[in-house]
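Read-outs: derived from the displayed coordinates by stated rules, not from any lab. Keep in mind the model is a prediction, meaning the values are calculated, not measured. Here the Cβ positions follow ideal geometry from the backbone for every residue, glycine too, while neighbour counts run over all protein chains shown.
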Amino acid sequence: MTTRKKYSKEFKEDAVSLVTEQGYTRTEAAKSLEISSQMLGRWVKEYQSDDGYAFRGNGKLTPLQEENKQLKAKVKRLEMEKDILKKATVFFAAETK
């Protein structure tokens, strides 16, 4: 079983700059870096579409993703609080009868 090779953010950015800034073709740059041209193409696409947040690494979220995660947690907490209040209302209404 082979282990998957990991590349640093700096390596990926340098590889992308070969294609985007220095005028190398994907195939030339990939061959000189000993990586596949498909992988380099994916890196270029990610770099161009991610607004400065490319190559974040595992588990690191963009600010938009982080905000979405926090809002989902808040909604979940508020729904739990609402359910508790409903149950308390039912309990006290039954007790006053």
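Partner aspartates and glutamates whose Cα lies under 17 Å from the Cα of Lys87, excluding those fewer than 8 positions away in the same chain, are identified as Glu79, Glu95. Each of (i) 50, 36, 23; (ii) 83, 35, 18; (iii) 62, 46, 21 is a candidate for Cα extents along the principal axes in Å; the one calculated from this structure is (ii).
Ranking Ser8, Thr25, Ala93 by how far each Cα lies toward the positive end of the dipole of the chain (charges on Cβ) leaves Ala93 at the top.
Here the gap between Ser37 and Thr89, fully extended at 0.36 nm per residue and compared with their Cα-Cα distance, gives a gain of 12.4 nm. In this structure, the residue pairs whose Cα-Cα separation is over 18 Å, taken from Lys5/Lys45; Lys9/Lys60; Lys5/Lys31; Lys9/Lys45, are Lys5/Lys45. Per residue and in cubic angstrom, what volume does the convex hull of the Cα atoms of region 7-58 have? Cα-based convex hull of region 7-58, divided per residue, equals 72 Å³.
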